[in-house]
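What follows is a short report on a single structure.
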Amino acid sequence: MVQNWIKVISQEELVAGERRVVTVEGHTVLLIHEGDHIYAILNACPHMRLPLKGGKITEDGAIVCPFHRSAFDLDTGDVKAWSPWPPVVGKMLGTVSKEKALRVFPTKVEAGYIWIGLS
């Protein structure tokens with residue numbers, strides 16, 4: 001798959017431990033500088049489309065939705081845990097909200113800038 005690389009911000013603008021929401025060609029993207037890696041994810045939990053910026057990053061490399069506790073792998077976007085609804089609510093909403101992976105974008109740092117790949 002061919003990537004269309006988009007220059008987003010300078011590397012200096014996203015220090016270690018920081019998160020920043022940017023708009024890239026109509027997508028609201030959350031940049032996360034965690035450890036020595038920069039992640040780029042769609043800033044909308046696929047569960048209820050709420051923002052992920054305030055979500056906790058777990059030791060095993062997942063982001064947890066701050067609203068419904070769904071967890072997603074930062075590298076792949078795969079669901080690690082779906083919203084743990086109470087049994088009665090879960091049955092009602094189960095037909096509305098099926099497990100869906102988080103959209104992730106490849107990143108690279110080149111020439112002092114953070115780039116996001118769109119395909």
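Details
- Criterion violated by Met1 - all others in (1) at pLDDT 90 or above; (2) among the aliphatic types (A, V, I, L, M); (3) surrounded by fewer than 18 Cβ atoms within 10 Å (Cβ to Cβ) satisfied: (1)
- Index of the failed condition, Val22 passing every other in (1) assigned to a loop (DSSP other than H, G, I, E, B); (2) surrounded by 15 or more Cβ atoms within 10 Å (Cβ to Cβ); (3) among the β-branched types (Val, Ile, Thr): (1)
- Hey, Ile57 within 22 Å of Ser119 (Cβ to Cβ) and free of Cβ contacts under 8 Å to residues at least 40 places away in the same chain or not: no
- Tally of residues being on the phi > 0 side of the Ramachandran plot and surrounded by 12 or more Cβ atoms within 10 Å (Cβ to Cβ) across segment 100-119: 0
- A count restricted to segment 25-58 and to residues that are of a type in the set (Ser, Thr, Tyr) and assigned to a loop (DSSP other than H, G, I, E, B) stands at 1.
- Check on Arg49, within 12 Å of the chain's Cα centre (by Cα), modelled with pLDDT under 95 and of a type in the set (D, E, K, R): yes
- Taking first residues from segment 1-30 that are in contact (Cβ under 8 Å) with a residue 24 or more places away in the chain and more than 12 Å from Trp115 (Cβ to Cβ) and partners that are assigned to a loop (DSSP other than H, G, I, E, B) and of a type in the set (Ser, Thr, Tyr), the Cβ contacts under 9 Å between residues at least 6 apart in sequence or on separate chains come to Met1/Ser119; Val2/Ser119.
- Residue satisfying all of: in segment 54-78; within 10 Å of the chain's Cα centre (by Cα) and surrounded by fewer than 14 Cβ atoms within 10 Å (Cβ to Cβ); nearest to Ile32 (Cα to Cα) among these: Asp75
- Residue within segment 92-100 that is in contact with a His (Cβ under 8 Å, 6 or more places away or on another chain) and either aliphatic (A, V, I, L, M) or modelled with pLDDT of 85 or more (or both) present: yes
The values are calculated or read from the model by the stated rules, or taken from the named source; none is laboratory data. Small disclaimer: the values here were computed from a predicted structure and weren't measured. Using ideal geometry, Cβ is built from the backbone for each residue, glycine included, and neighbour counts are taken over all protein chains shown.
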